[in-house]
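Inspection log for the structure reproduced underneath, given as structure tokens.
The values are calculated or read from the model by the stated rules, or taken from the named source; none is laboratory data. Quick caveat, the model's predicted, so the values are computed rather than measured. No Cβ is skipped: glycine too gets one built from the backbone with ideal geometry, and neighbour counts run over all protein chains shown.
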Amino acid sequence: MSDALLSVRDLHVTYHTKGGPVPAVRGVSFDLEKGGSLGLAGESGSGKSTLAGSILRLLPYGTDIEGQVVLDGRDVLSLNPGGLRAVRWTAGAIVFQGALHALNPVLTVGDQISEPMLVHKTVRTEKQARSRTVSLLGRVGLPDNRADSYPHQLSGGQRQRVLIAMALACDPLLLIADEPTTALDLMVQAQVLALLADLKREHDLTLVFITHDLSVLTYACKRLAVMYAGRIVEEGPSWEVFEDASHPYTRGLAAAFPTIGDLSSRLAPSGLGGDPPTPANLPVGCPFHPRCPLAQDACMTAEPGLRPSGTERRAACILV
Amino acid sequence: MIGLGILFVFVFIALAAPLLADIRELNPVFARAQGNPQWAPPSEFPPLGTDYIRRSVWAQFVWGSRVSLFVGLAATVLTIFIGSVIGIVSGYIGGKTDGGLMRVSEWFLVIPFLPLAIVLASILGRSIWNIIFVIGVTSWPSTARLVRAQVLTVKQRLFVDRARSLGGTGWHIVSRHILPNVSGLILANATLAVPISILTETTLSFLGLGDPSSASWGKTLEEAFVNGAMIRNAWWYFLPAGIGILVVVLAFTLIGRTLEEIANPRLSRER
Amino acid sequence: MGRKALGSLLTFIFVLVFNFFLFRIVQKDPIGSLFRGRNVPQQTIDNLRTAFGLDEPIFTQFFYYVRESLQGNLGISYQSRQPVWDEIVAAIPETVILVGVSAILSALIGTVLGIVAAWRRNTWKDHGITAGTMVFYSMPDFWLGMLLLVGFAVVFPIFPVGGFATAGSSAAGLDRLLDQLNHLVLPALTLTLAYLGEYALIMRSSLLDVMGEDYLTVARAKGLRDRIVRRRHAVPNALLPVVTLTAINFGFVLSGAIAVEAVYSWPGLGKATADAIRGPDLPMLQGLFLLFSAAVIVFNLIADVTYAYLDPRVDH
């Protein structure tokens with residue numbers, strides 16, 4: 001589609017480790033139109049963070065990436081280093097998980113936010129960078145004086161806001177939020193989500209939201225894609241997918257993460273037993289079949305592809 | 001791996017010394033009686049030439065390996081023993097004992113190692129056992145610290161509490177639970193401590209504090225230096241001992257680092 | 001800050017005590033030793049003994065020791081019959097020059113090598129640097145000195161064989177300075193090579209630790225060049241432990257140069273120690289030991305303070 005801001009085609013990402021090649025992403029394709037919002041859900045090891053990293057080519061040296069990633073009309077995977085650096089943070093920016101480790105401990109928060117502005121020359125002087133930094137901090141709900149604080153002096157929620165402000169430094173078209181609310185307590189989670197929704201509206205951002213908590217995605221995104229073992233196993237409008245999942249895995253995942261703020265639903269048992277497979281050791285056939293309550297013989301031999309399961313919905317299960 | 005190989009060679013040399021070189025060659029009177037030339041290069045007197053009082057350098061190298069290795073290992077054993085005991089006691093008992101012992105080790109760490117060794121050696125006199133004692137007594141703090149940290153980690157683990165609640169006595173807990181978990185680290189630390197002991201002995205001998213009756217590599221270097229081997233460019237005299245030390249120390253360091261990676265997997269990362 | 005200074009003071013006091021009692025055990029008869037081999041009437045010896053307070057209880061003697069030490073009176077050298085204090089003070093500048101130059105050079109070069117080794121991990125550069133520095137670190141420093149001496153002063157007589165300046169030379173001003181520099185080259189080279197390895201190794205492992213941190217990925221995601229990521233984000237964090245090490249090492253290298261000074265007859269504290277050993281010139285050794293310990297304590301304190309100043313996570 002020509003009006004898609006982000007277009008991913010048949011993406012394969014393989015890490016090379018001492019134990020051999022590990023396929024983290026095995027053929028993912030999707031489109032995201034300008035102004036849209038896509039949620040990527042899945043447990044750890046599903047490949048969602050790898051997918052996010054590959055959009056800006058931030059994967060470790062020596063990792064194999066095949067396929068196509070087109071961002072704002074440019075094929076990211078074939079850009080030369082200079083072109084790649086220019087695209088980063090200006091066309092697309094990432095909000096990382098707010099652990100203390102995402103921020104450099106020896107630089108002030110303000111310096112870290114100003115840095116990309118000066119590098120990409122989106123402002124002309126340091127003074128301008130400083131005033132823009134302060135206004136960004138204000139926009140995410142932090143007082144001005146925080147610009148001179150060091151990361152360890154801020155709370156977890158404050159650091160997350162800093163990361164959001166930092167991501168907006170160069171006014172990107174695409175914002176990828178990688179687990180921005182994990183490790184935050186509920187109250188703060190809600191605040192951060194509300195903030196992201198506001199910012200999206202104000203700056204007309206295109207959003208990719210990654211998490212393992214499905215309920216959060218229903219609030220934040222219009223469309224939802226569920227990943228398992230390196231592939232998308234279900235995709236569609238977020239509320240529909242959440243309320244009426246086509247894929248058994250999605251059903252289990254939805255049951256595991258009740259709605260935000262609804263404390264009673266937290267007590268309901270999750271539908272998912274067992275652990276997700278390690279990418280290096282995938283089961284034959286449908287990778288979900290060992291944990292699937294509806295597994296049949298055919299599931300153990302062939303891996304199903306994505307098939308239509310409703311209007312603008314797809315799921316990778318033979319029962320669809 | 002290479003380290004082990006090298007080590008084998010040298011242990012062999014040390015143990016097989018009597019077969020490789022005649023010990024009487026170390027006696028200057030004997031050497032003179034043999035009619036050895038003075039300061040002879042290897043071309044004249046294979047395999048490694050002679051020194052200032054006509055002794056065979058090869059004999060000194062072979063027999064010196066024994067002393068250097070022995071002192072290095074013995075001193076390390078002493079260091080590790082003192083350090084481990086203090087570390088285990090300190091970590092296990094905790095409280096005031098721990099605080100006190102750690103204070104003491106802190107003081108030892110601050111005092112410069114070599115001067116302390118020199119002072120002690122000067123006072124105690126020149127003998128092998130004194131050297132071993134001196135090295136052991138000055139090097140224990142770092143081992144003690146490491147062991148104590150490990151003991152604390154182990155102590156926190158559940159199964160020690162379980163053992164205690166099952167009625168295990170202090171000694172039982174220490175030997176059954178703490179020791180096995182700590183021994184890997186101790187071994188790695190010991191292997192890395194040997195080079196320090198060997199180098200310290202070498203330096204002490206070079207400065208004249210070594211045992212006059214034994215012929216360690218350090219002593220060889222001291223005699224070479226004092227008797228002008230360098231001015232004469234008698235390379236055959238001072239090169240072998242130094243190379244011997246270098247290679248043995250390297251061997252222990254390599255092995256030690258590998259052991260360290262095994263004992264503490266946290267240290268080996270692959271990014 | 002005050003606490004740290006107090007701790008250092010306590011340690012120094014401990015050193016004083018230790019020093020005193022250690023030497024007392026051996027120096028059973030200091031006056032006798034002083035006049036060993038000389039024909040001195042017993043009465044003179046007895047008088048001196050009283051004058052020095054040696055017939056008093058040991059704690060009184062300790063008190064005298066502390067008082068005298070703090071006033072700079074460290075006794076008389078057996079060998080030279082000169083005050084220990086004077087001998088030591090005369091030797092300090094030479095050692096400071098040698099150790100200072102070597103420590104700075106080895107810290108600078110070692111750190112750079114460590115950065116290169118870590119950034120190009122597991123390449124030939126890394127292996128080469130690691131192996132090379134390990135080899136230098138595994139040899140006795142004085143032996144390296146001997147090799148360099150033979151190589152560059154005997155076989156290829158480029159540099160002088162030892163000493164601080166050409167003996168009997170009447171050169172002055174710039175000529176003299178150049179002459180001294182000429183003499184400095186080999187000993188400084190020896191110490192630098194010997195201590196290079198430690199800095200390289202620590203910097204390398206510190207940088208490797210930092211390289212796994214997320215904020216470096218973030219920096220790259222922002223579109224920064226590799227070089228800038230390394231310079232602005234990775235290295236400053238990796239340098240913290242190295243700075244501490246450098247400061248601490250200054251204190252220790254002071255005493256580590258003993259054997260090397262002996263090899264080159266460099267007239268500093270190390271050579272003084274080596275000479276004192278041959279006596280044994282116990283008052284000298286006692287005084288030198290006190291000085292070495294004091295140096296370590298002082299530099300440890302400096303290291304602590306510097307680290308607290310540099311790392312924003314430590315409140316000062």
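For residues in the range A:95-116 being more than 8 Å from every other protein chain (Cβ to nearest Cβ), crowded, with 22+ Cβ neighbours inside 10 Å and hydrophobic (A, V, I, L, M, F, W, C), which is farthest from A:ARG146 (Cα to Cα)?
Result: A:VAL95.
Of the residues A:ALA52, A:ALA86, only one is within 11 Å of chain C (Cβ to nearest Cβ) and either under 19 Å from the mean Cα position of the chain (by Cα) or among the polar types (S, T, N, Q) (or both); which?
Only one candidate qualifies: A:ALA52.
Considering C:TYR307, C:TYR215, which residue is within 14 Å of chain A (Cβ to nearest Cβ), part of a helix (DSSP H, G or I) and in contact with a His (Cβ under 7 Å, 6 or more places away or on another chain)?
Criteria check complete, one pass: C:TYR215.
What's the number of the only condition in (1) over 28 Å from C:MET146 (Cα atoms); (2) in contact (Cβ under 8 Å) with a residue 40 or more places away in the chain that C:LYS271 fails to meet?
Evaluating C:LYS271 over (1) over 28 Å from C:MET146 (Cα atoms); (2) in contact (Cβ under 8 Å) with a residue 40 or more places away in the chain leaves (1) as the failure.
A quick yes/no check of all residues on (1) part of a loop (DSSP other than H, G, I, E, B); (2) touching a helix residue (DSSP H, G or I) at 6+ places or on another chain (Cβ under 7 Å); (3) within 14 Å of chain A (Cβ to nearest Cβ):
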| site | (1), (2), (3) |
| --- | --- |
| C:SER205 | no, no, no |
| C:ALA219 | no, yes, yes |
| C:ASN237 | no, yes, yes |
| C:VAL243 | no, yes, yes |
| C:ALA262 | no, yes, no |
| C:THR273 | no, yes, no |
| C:LEU285 | no, yes, no |
| C:PRO312 | yes, no, yes |
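When the range C:142-157 is examined, which residues are found to be crowded, with 23+ Cβ neighbours inside 10 Å and more than 7 Å from chain B (Cβ to nearest Cβ)?
Within the range C:142-157, C:GLY145 is the sole residue that qualifies.
Looking at the range A:178-200, is at least one residue surrounded by fewer than 24 Cβ atoms within 10 Å (Cβ to Cβ) and within 20 Å of A:PHE288 (Cβ to Cβ)?
Taking every residue of the range A:178-200 in turn, none turns out to be surrounded by fewer than 24 Cβ atoms within 10 Å (Cβ to Cβ) and within 20 Å of A:PHE288 (Cβ to Cβ).
Can you tell me which residues in the range B:212-234 are touching a residue at least 24 places away in the same chain (Cβ under 8 Å) and in a helix (DSSP H, G or I)?
The answer is B:TRP217, B:GLY218, B:LYS219, B:THR220, B:GLU223, B:ALA224.
List pairs: first residue in the range C:153-166 and closer than 11 Å to C:VAL185 by Cα, second residue among the charged types (D, E, K, R) and modelled with pLDDT under 70 anywhere in the structure, Cβ distance under 8 angstrom, at least six positions apart or on different chains.
none
Against the definition (modelled with pLDDT of 70 or more, charged (D, E, K, R) and either in contact with a Pro (Cβ under 7 Å, 6 or more places away or on another chain) or not in a helix (DSSP H, G or I) (or both)), how does B:ARG54 come out, yes or no?
The answer is yes for B:ARG54.
Restricting to the range B:201-236, name every residue that is more than 9 Å from chain C (Cβ to nearest Cβ), touching a Ser or Thr at 6+ places or on another chain (Cβ under 8 Å) and among the hydroxyl-bearing types (Ser, Thr, Tyr).
B:SER205, B:SER216, listed by residue number.
Just one of (1) assigned to a helix (DSSP H, G or I); (2) in contact with a helix residue (DSSP H, G or I) (Cβ under 8 Å, 6 or more places away or on another chain); (3) farther than 30 Å from B:ALA229 by Cα; (4) within 8 Å of another protein chain (Cβ to nearest Cβ) trips up C:ILE248, so point out which.
(4)
Yes/no per residue for (1) exposed (fewer than 15 other Cβ atoms within 10 Å of the Cβ); (2) of a type outside the set (Asp, Glu):
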| site | (1), (2) |
| --- | --- |
| A:ARG9 | yes, yes |
| A:PRO21 | yes, yes |
| A:ARG26 | no, yes |
| A:LEU40 | no, yes |
| A:ARG57 | no, yes |
| A:GLU66 | yes, no |
| A:VAL70 | no, yes |
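When A:LEU184 is evaluated against the numbered criteria (1) assigned to a loop (DSSP other than H, G, I, E, B); (2) of a type in the set (A, V, I, L, M, F, W, C); (3) modelled with pLDDT of 90 or more, which criterion, by number, is the only one it fails?
Exception for A:LEU184: condition (3).
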